[in-house]
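Only one structure is covered here, and it is reproduced in the block below.
The values are calculated or read from the model by the stated rules, or taken from the named source; none is laboratory data. Quick caveat: nothing in here was measured; it's all calculated off a predicted structure. Note that each Cβ is placed from the backbone with ideal geometry, even for glycine, and that neighbours are counted across all protein chains shown. Areas reflect the complete protein model, heavy atoms only, side chains present, ligands, DNA and RNA absent. Shrake-Rupley method; radii C 1.70, N 1.55, O 1.52, S 1.80 Å.
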Amino acid sequence: MELRKKLGAAALLAAAAMATAAGCGGRDDDNPTPTPDAGCTGVCSTDAGTNDAGTTDAGMDAGTGDAGTQNQIAAARKAPFNTKVTLRDVVITDVDYEKLGNDGVQWRSFFWVTDPAAPKEGLYITKFYTDLPDTYHPQPGNTIDVEGYFGTEPNYQPFSGRRHHLANDFKNGKTLNITVKSDAGVDARPPANEVTAEDLVASLAAPQSSAPYLGTRVHLAGPLTLTNPQPSQLQRLDDADAGTIYYGFEVTGGILVFHDKTRDRSGDGGTRCDYQMAALDGGAVTFPNGISGVWDTYTFAGCEDGGTDITGCGKNDKDSGVPGTDQRYTYTIIPQDCTDLPGEVDGAAFP
């Protein structure tokens with residue numbers, strides 16, 4: 001397993017080791033605020049037991065079965081864990097994380113797909129290095145078929161834990177398989193869904209199995225104001241200290257924005273649009289034309305040592321949740337770059 005490094009506003013956070021086992025054996029998606037026992041803890045896998053669920057397909061091929069193709073992602077989200085699912089002619093909208101292997105050939109990539117026939121439906125795809133084709137480097141705008149096994153990201157995974165996904169069935173030696181139908185560029189991806197704060201609040205009230213817009217690009221209409229630069233739900237939790245790092249901010253309507261890709265990362269050479277920092281410095285932050293990004297889950301697994309232990313977050317003996325609440329996950333907008341956040345500070349363009 002490798003370490004995904006995450007940088008806090010003041011300290012380095014290494015995110016959890018990326019588990020090759022797909023998902024979690026308990027369903028959290030039937031209740032947006034599950035009981036403490038809901039879901040699995042420790043090392044989570046989509047293996048539902050000793051039977052090989054992949055060989056029977058659990059009666060479900062979302063791309064060709066009774067659900068048809070128009071609502072194939074909605075059907076996949078309602079499938080039992082470890083069900084083999086095929087999505088056909090879906091388009092990659094955004095890439096969350098990618099890394100070229102040490103061999104210089106194989107790619108590991110986490111990305112979102114949307115069905116153009118049902119643009120309010122999206123899903124997270126977890127491709128490991130050895131998933132096929134192992135050399136495939138996903139790009140926004142590509143149209144693909146993808147065959148994988150339905151489950152969730154491991155519970156202890158910071159930020160993306162419990163998120164619905166398709167992945168391989170590592171335990172049973174079954175790969176995630178991708179067929180590229182078109183390698184068109186970013187202009188070929190479906191446009192962002194136009195939403196209001198009220199639309200997203202309604203989505204927040206629904207479980208992952210039925211929440212509208214989940215896993216898709218959205219554009220939250222403006223004007224918006226940054227109302228809270230340090231919402232408790234986005235606080236980093238440490239065993240040794242409550243933590244002073246917050247992984248995003250809140251805007252008009254109580255909508256959370258997870259700013260991992262747009263915050264300042266001092267020392268890495270990147271120039272970003274850190275509106276949280278601007279607000280903490282006393283600036284009035286507004287987004288006259290709204291903001292864009294992917295609408296998907298957020299959760300956090302506590303770290304072991306107040307910022308000095310860079311590997312202490314997301315260990316498999318940790319369970320995740322939303323700080324300050326009894327929720328196992330919530331939903332946030334995840335801007336992909338600064339073009340998704342065209343904001344102003346004290347009335348002037350920023351940065």
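Residues that are in contact (Cβ under 8 Å) with a residue 24 or more places away in the chain and part of a helix (DSSP H, G or I) within region 195-211 comprise Ala197, Glu198, Leu200, Val201, Ser203, Leu204, listed in sequence order. Only residues that are open to solvent by 20 Å² or more (accessible area, probe 1.4 Å), in a loop (DSSP other than H, G, I, E, B) and of a type outside the set (Lys, Arg): list them for region 163-189, please. The answer is Gly173, Thr175, Asp183, Ala184, Gly185. Take the conditions (1) farther than 16 Å from Ile125 by Cβ; (2) in a loop (DSSP other than H, G, I, E, B); (3) open to solvent by less than 10 Å² (accessible area, probe 1.4 Å); Val218 misses just one of them, which is (2).
Restricting the first member to region 122-141 and to residues that are farther than 18 Å from His165 by Cα, and the second to residues that are aliphatic (A, V, I, L, M) and in a loop (DSSP other than H, G, I, E, B), the beta-carbon pairs closer than 8 Å and six or more apart or on different chains are Asp134/Val105; Thr135/Val105; Gly141/Ala184. Please go through region 108-141 and pick out each residue that is out of contact with any His (no Cβ under 9 Å at 6 or more places or on another chain), of a type in the set (S, T, N, Q) and open to solvent by 10 Å² or more (accessible area, probe 1.4 Å). Those that are out of contact with any His (no Cβ under 9 Å at 6 or more places or on another chain), of a type in the set (S, T, N, Q) and open to solvent by 10 Å² or more (accessible area, probe 1.4 Å): Thr130, Thr135, Gln139. Restricting Thr35, Thr86, Thr41, Thr46 to residues that are within 30 Å of Asp326 (Cβ to Cβ) and either crowded, with 23+ Cβ neighbours inside 10 Å or modelled with pLDDT of 50 or more (or both) narrows the list to Thr46. Among the residues of region 177-194, the ones that are more than 18 Å from the chain's Cα centre (by Cα), modelled with pLDDT of 95 or more and within 19 Å of Ala76 (Cβ to Cβ) come to 4 in all. Considering region 236-254 alone, what residues qualify as being more than 30 Å from Ala76 (Cβ to Cβ), open to solvent by less than 30 Å² (accessible area, probe 1.4 Å) and either assigned to a loop (DSSP other than H, G, I, E, B) or modelled with pLDDT under 95 (or both)? Result: Arg236, Asp238, Gly243, Ile245. If you go through region 190-209 and keep only what is open to solvent by 50 Å² or more (accessible area, probe 1.4 Å) and within 20 Å of Thr93 (Cα to Cα), you end up with Pro191, Glu194. When you look at Val113, is it more than 15 Å from the chain's Cα centre (by Cα) and within 21 Å of Asp296 (Cβ to Cβ), yes or no? So Val113 does not fit the description; no.
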